[in-house]
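This report concerns only the one structure given below.
Each value in this text was obtained by applying a stated rule to the coordinates, not by laboratory testing. Since the structure is predicted, the reported quantities are computational estimates derived from the model, not experimental observations. FYI the Cβ positions are ideal-geometry reconstructions off the backbone, even for glycines, and counts take in every protein chain you see.
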Amino acid sequence: MRKLLFGIAAILTLVLVTSAAWGACHVITPNGSGTKSGSDWNNACSWFSGNCSMSSGAVRGDTYYIAKGAYSGTTLGKANSGTLSITIKSPTAADHCTDTGFVQGTHVGQADIAGGFFITSDRWVVDGQYGTEVPETGKGTYGIKVHWNGGNGSHRFNLNTGGSNSTFRYVETQGSNAADTGCDEAVKILGFNVSGGITDVLVEHFYDYRSNTIANPQVADGFILQNSISAENYSTGGCHGENVAINSSNVIIRYNRFINCAGTACIANPSPSGSSFSNWDIYGNVFYDDATRSGSCPGNFSCVGNGIIACIDQGRPSGVRLYNNVVANWLPGHAAGNSLDFWSTASCGSVSGLDIQNNVLYNNEPVNIDASGTCKSNSYYKTTRNSGGCTGDVTGLTSNPFVNPGNTPQDWHLTADTDTWSVLLSPYNLDIDGLTRISSRGAYQFGNLNLPGPPSGLTAQVK
């Protein structure tokens, strides 16, 4: 009996501790209701005000559900308190804080925020909870949207004097489509404003379009962009486009789709001359032209002038790993010059620890790959290799290995396996779908080859 009582007490203690860790929940609508305390949907906070002010009223450790409707931007500036985060979340039919006053048709849907979030403290979670991750149909389906609302040099998420240990997921971000004459960016991390920089920021399941740049981590240590879409970006003479502009170390860019990149490159490092960085993991991404862009490429400011991934401004990166990416449909007229650089060092300083493996190049103009570091097991389909060879390269392939590389929606799963991949250990051995790789080059493991087969050696007895 004493053991039973002790077990029950331990369970109750765990429940109480866990509940305390979860914190309370509050609800927000554009205009509020009742007492506007945020306690339930009959008394919802009005916008980010009162008890739901993210600068003063909000409580560390609590969760704030933001209903569908139109909102203006706000500052995420509640003072830090140990390791406690504040979560801003979209409600769903199953997860909406409280049933009191909740009406699914009224409260579930996109919260559309004009301007953006200005972030001055740490540990924030902004979670739209859902979204259709398809470029052609995803607009309007994400739980949270943040859109440009005027001004120059604007950012949807401006991590200005804080933002460490923060997560932003399932968010649709819409830029100015060049109406902003400065640098128009979805996520801007200004780590140089913080002693020691800004650390450990996760951006995932984003759908960014019509921005200059989806992410620009500056002086950030531990930045991850994954499972996101960057499309319709633009570039100007005043602010050269890059889907991702890196000025940081310990950066992971994986499982993303970069469509019709415009500017210097899909990924580049515009930074003070001579800056040093380390540990860039860029793997499992697809960089492709979907043939919807009109016109041709006259210069560096309207297309990938320096290639797909570019080291520029005399940067000095070390530990650059480019694994299992797909580069597709970059044909003459949509890339600068007569060839395309997969990894460019046109204006780079010294590079050490460059490692390029298992990439698939399909239907491109001639492609250059820098083989100055480790380079092996890349496949060229309908693409001429315009540079020195790498160990295990396969060239001259004329087939199409993909489900649908041409018409939208493109599908980059394989219809047949590639030549054997160069084996990589965790975490590089997982594909976009979470399958463990055992054979394939490119962004996807072919088939479900790693799933257990049917059992064998079984017998049955009929009675």
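Below are the figures for this structure:
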| item | result |
| --- | --- |
| Distance in nm between pseudo-label sites at residue 407 and residue 439 (7 Å out along the Cβ direction from Cα) | 2.9 nm |
| Given charges at beta-carbon only (K, R positive; D, E negative), |dipole| of the chain in Debye | 940 debye |
| For the chain, share of DSSP beta bridges that run antiparallel, in % to the nearest 5 | 5 percent |
| Label-to-label distance, nm, for residues given as residue 394 and residue 293 (7 Å Cα→Cβ offset) | 2.9 nm |
| Burial ordering of 157, 342, fewest other beta-carbon atoms within 10 Å first | 342, 157 |
| Kirkwood hydrodynamic radius (C-alpha pairs) into Stokes-Einstein, region 188-344, 20 °C and 1.002 mPa s, D in µm²/s | 140 µm²/s |
| Local net charge near residue 90, Cβ-Cβ under 13 Å (Lys/Arg +1, Asp/Glu -1) | 0 |
| Chain lengthening between residue 202 and residue 104 when straightened (0.36 nm per residue, less Cα-Cα) | 32.3 nm |
| Relative exposure of 78, 382, judged by other C-beta atoms within 10 Å (fewest first) | 382, 78 |
| Nearest-0.05 FRET efficiency for residue 130 and residue 35, computed from C-beta distance (R0 45 Å) | 0.95 |
| Neighbourhood net charge (13 Å Cβ-Cβ; Lys/Arg +1, Asp/Glu -1) for residue 197 | -3 |
| Nearest 10 degrees, 0 to 90: helix 2-22 Cα axis against the chain principal axis | 70 degrees |
| Relative contact order of the chain, defined on C-alpha pairs under 8 angstrom at six or more residues apart (%) | 7 percent |
| Dimensions in Å of region 60-206 - Rg and Dmax from alpha carbons | 15.3, 46 |
| Around residue 53: net Lys/Arg minus Asp/Glu count, Cβ-Cβ under 15 Å | +2 |
| Cα lying deepest toward the dipole's positive end in region 303-458, options 394, 415, 446, charges on Cβ | 394 |
| Debye log10 I(q)/I(0) at q = 0.13, 0.14, 0.17 Å⁻¹ for region 268-365, Cα point scatterers | -0.47, -0.55, -0.79 |
| DSSP bridge pairs, region 337-450: antiparallel proportion in percent, nearest 5 | 20 percent |
| Alpha-carbon centroid distance for the pair region 168-204 / region 350-385, whole angstrom | 30 Å |
| Estimated inter-spin distance, residue 420 and residue 137, nm [label 7 Å along Cα→Cβ] | 4.0 nm |
| Cα lying deepest toward the dipole's positive end in the chain, options 384, 196, 270, charges on Cβ | 196 |
